[in-house]
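Worksheet: the structure to be examined is printed underneath.
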Amino acid sequence: MGPNCGGQPSGELAAASLKAERKASRPPRSPSIAAAKRFGSGWAWLVVSPSGKLAVGSTANQDSPLMGESIAGIAGTPILGLDVWEHAYYLKYQNRRPDYIAAFWNVINWPAVAERFAAAKR
């Protein structure tokens, strides 16, 4: 995250994102959808799965993809996390989680996420 960030991913990360969205057989297809559908507190994740593919999911409360699919419902190396606990957005957005999710994309440092993506695939 950072000032003057946002926009869209590029390069290999962008290509992998599009491929993951096309191949998704069930929602969520994007971190925004995962975050919006998370009931209560938790996280939406962009992860590199153990097979090296980009995946999207969400976890409840303090769970993370590092805990494994049997516990968290998604497994892999997190490269981007979107906090959807109320403490992350309530002071500015109150109960408007969708507005917070939309604003989140304006501060993503996509080059840093792309570096994490490349490192996780090694």
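The values are calculated or read from the model by the stated rules, or taken from the named source; none is laboratory data. Since this is a predicted model, take the numbers as computed values, not measurements. Quick reminder, even Gly has a Cβ in these numbers, built from the backbone with ideal geometry, and neighbours come from all protein chains shown. What goes into the accessible areas is simple: the full protein's heavy atoms, side chains included, and nothing from ligands, DNA or RNA. Shrake-Rupley method; radii C 1.70, N 1.55, O 1.52, S 1.80 Å.
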Label-to-label distance, nm, for residues given as Ala88 and Trp105 (7 Å Cα→Cβ offset): 1.6
Here the averaged projected area of the chain, based on the convex hull of its alpha-carbon atoms and given in nm², is 7.4
Give a residue-ordered list of calculated ³J(HN,Hα) values for region 97-105 (Karplus: 6.51 cos²θ - 1.76 cosθ + 1.60, θ = phi - 60°; whole Hz; x for Gly, Pro). 4, x, 5, 4, 4, 4, 5, 3, 5
Given a 1.4 Å probe and every protein chain left where it sits, what share in percent of the accessible area of the chain is carbon and sulfur? 55
Pull out the extension gain between Ala60 and Ala36, defined as 0.36 nm times the separation in residues minus the alpha carbon to alpha carbon distance; nm, one decimal. 7.4 nm
Leaving out ligands and nucleic acids, note down the accessible area per residue over the chain with a 1.4 angstrom probe, in whole Å². 60
No solvent, one uniform scatterer per C-alpha: report log10 I(q)/I(0) for region 53-119 via the Debye equation at q = 0.16, 0.19 1/Å, two decimals. -0.66, -0.88
Quote the charge dipole size of the chain about the Cα centre in Debye, to the nearest 20; the model charges only the Cβ of Lys and Arg (+1) and of Asp and Glu (-1). 360
Farthest towards the positive end of the dipole of region 65-122, among Ala72, Gln94, Ile108 and with Cβ unit charges of +1 on Lys and Arg and -1 on Asp and Glu, lies the Cα of Ile108
